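Just so you know, all these numbers are worked out from the coordinates, no wet-lab data involved. Since we're looking at a predicted model, the values are computed, not measured. As a convention, Cβ positions derive from the backbone with ideal geometry for all residues, glycine included, and neighbour counts pool all protein chains shown.
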Amino acid sequence: MKENLMFQNAPHVRQSESVVTMMWDVVLALLPVYLMSFFYHGPRSLVLGFCGVVSCTVFSLFGSIVLREKPVPDLTPAITGLIIPLLMPADIPYFVIIAACAVAILVVKVPFGGTGNNLFNPAAVGFASVAICWPEKVFSYPVTMQSIEVFGETTVQKVQSPAYSLALGAVPDYEVLDMLLGSAPGPMGATNILVLVACGIFLIVRKAVNWVSPVSFLASYAVLCVSFPRIGGSAFDALCYELFSGMLIFGAFFMLTEPVTSPKRDFGKLMAGVATGVAVFLFRYFGEFEMGFASALILMNVFSPLFDEACEGVLHVYRHRDSLIRSFKAENQRRKAEKAEKAAAEPVVRVIKKNEQAEKAAAEELSDAALPNDSESFEKQEEVPEENAVSAEDEDIVRQEEPETEEIDLSAENEKSEEEEAVQ
């Protein structure tokens with residue numbers, strides 16, 4: 001029986017998870033967030049989500065038509081359309097949602113090749129663009145438990161979020177429990193912290209996202225907030241207000257973990273999470289707007305390839321650690337051998353020089369020692385006492401009386417004695 005074989009590039013992995021199942025997991029995790037927004041703000045929140053999904057899908061199809069490409073039946077435009085309204089107030093005008101979706105798809109995603117090729121997080125760029133254009137609409141939030149008109153102008157009471165109070169250095173007027181349950185004002189999808197944490201745990205258990213990025217991000221940001229608090233009081237209250245205000249928890253689980261713009265390795269995700277925590281801390285402390293997460297995420301998307309390269313370098317060193325250690329030891333031994341050869345060559349030259357100098361010094365000492373003896377004997381020979389002086393007549397008599405002696409040539413013996421003294 002013949003089997004149908006498929007020729008595909010590596011990695012050849014067969015498992016139950018796929019891109020489609022992961023996207024469906026994200027969609028399922030976003031549904032409870034919309035349900036809580038419906039509970040606190042009414043049906044307008046659901047209509048905003050529907051508007052975002054339709055807008056992103058239409059813009060994605062339009063981009064495929066312009067590029068003359070076959071549309072890819074994926075859920076990425078729908079996920080982007082679901083995330084963008086959750087970052088905004090429940091009474092945001094529909095045209096702001098449509099504008100944010102247009103920027104996310106037509107500016108960030110389609111020009112770079114569509115799904116899997118975008119350099120920046122589409123939802124973050126879409127939100128940042130409308131926040132710059134309409135800050136008064138994006139950063140004013142309706143009080144919870146009010147009925148908001150689904151269409152037309154909304155007439156609801158608006159207040160500032162706890163993140164705005166923190167930016168001014170003031171303690172928010174809401175309890176930490178209100179922020180956990182979602183009754184505090186803020187983005188309609190980022191106020192109920194307990195639901196967001198539960199959805200994040202669901203995504204981690206389903207392996208739709210990696211736990212390294214959100215945990216490293218929240219941990220680094222928490223350490224900085226405790227080290228440099230913006231408000232007085234206990235460190236625990238300050239930490240809770242910092243973590244639960246704004247869109248930090250929502251962004252950590254639904255935006256920072258996007259597989260396209262985040263690093264691929266766990267160590268790279270760790271570095272990206274820590275760097276994002278530092279960037280969010282700086283943006284929220286020194287930025288103009290209280291929502292610094294989107295800006296920090298866009299900035300970190302630029303450095304995501306660098307995190308991957310650093311991670312690959314570390315993994316290369318770890319994988320080839322044995323060969324690198326051996327080469328390092330061989331190089332050290334080679335250097336030690338070269339130093340030993342140099343050290344062995346230098347003393348020989350020095351010994352020769354010392355021996356030559358010693359021989360010269362000995363010869364000089366011998367010559368100096370010989371000269372004074374000759375001079376003394378010469379002086380003794382010259383100084384003859386008057387008592388031993390002999391007259392000329394007596395000298396002739398002595399010569400006559402002395403017997404004749406044979407003359408012996410001692411030159412050869414003198415030369416031998418001189419050579420022996422020179423050798424000594």
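For the range 105-218, what does the alpha-carbon gyration tensor say about shape, rounded, prolate or oblate, given a ≥ b ≥ c as the root eigenvalues, a/c under 1.5 as rounded, and a/b over b/c as prolate?
Judged from the Cα gyration tensor, the range 105-218 comes out oblate (a/c at least 1.5, b/c at or above a/b).
Given R₀ = 51 Å, FRET efficiency for GLN157-VAL314 by Cβ-Cβ distance, to 0.05?
Calculated transfer efficiency: 0.45.
Using modelled backbone amide H atoms (1.01 Å from N, in-plane), which distant-in-sequence or interchain residues come within less than 5 Å of VAL159's amide H?
Amide H neighbours of VAL159, under 5 Å, 5+ apart: TYR141, VAL143.
In whole angstrom, how far apart do the alpha carbon centroids of the range 314-338 and the range 133-166 sit?
63 Å
Considering only DSSP states other than H, G, I, E and B, which chymotrypsin sites (Phe, Trp or Tyr not before Pro) in the range 146-235 qualify as loop sites with at most 15 other Cβ atoms within 10 Å?
Those satisfying the criteria are PHE151.
What's the FRET efficiency of SER234 with GLN146 using the Cβ-Cβ distance as r and R₀ = 30 Å, to the nearest 0.05?
Plugging the Cβ-Cβ distance into 1/(1 + (r/R0)^6) gives 0.40.
For the cross-link pairs LYS137/LYS264; LYS70/LYS207; LYS109/LYS264; LYS70/LYS264; LYS109/LYS207; LYS109/LYS137, which exceed 31 Å when the distance is taken from alpha carbon to alpha carbon?
Violating the 31 Å Cα-Cα cut-off are LYS137/LYS264.
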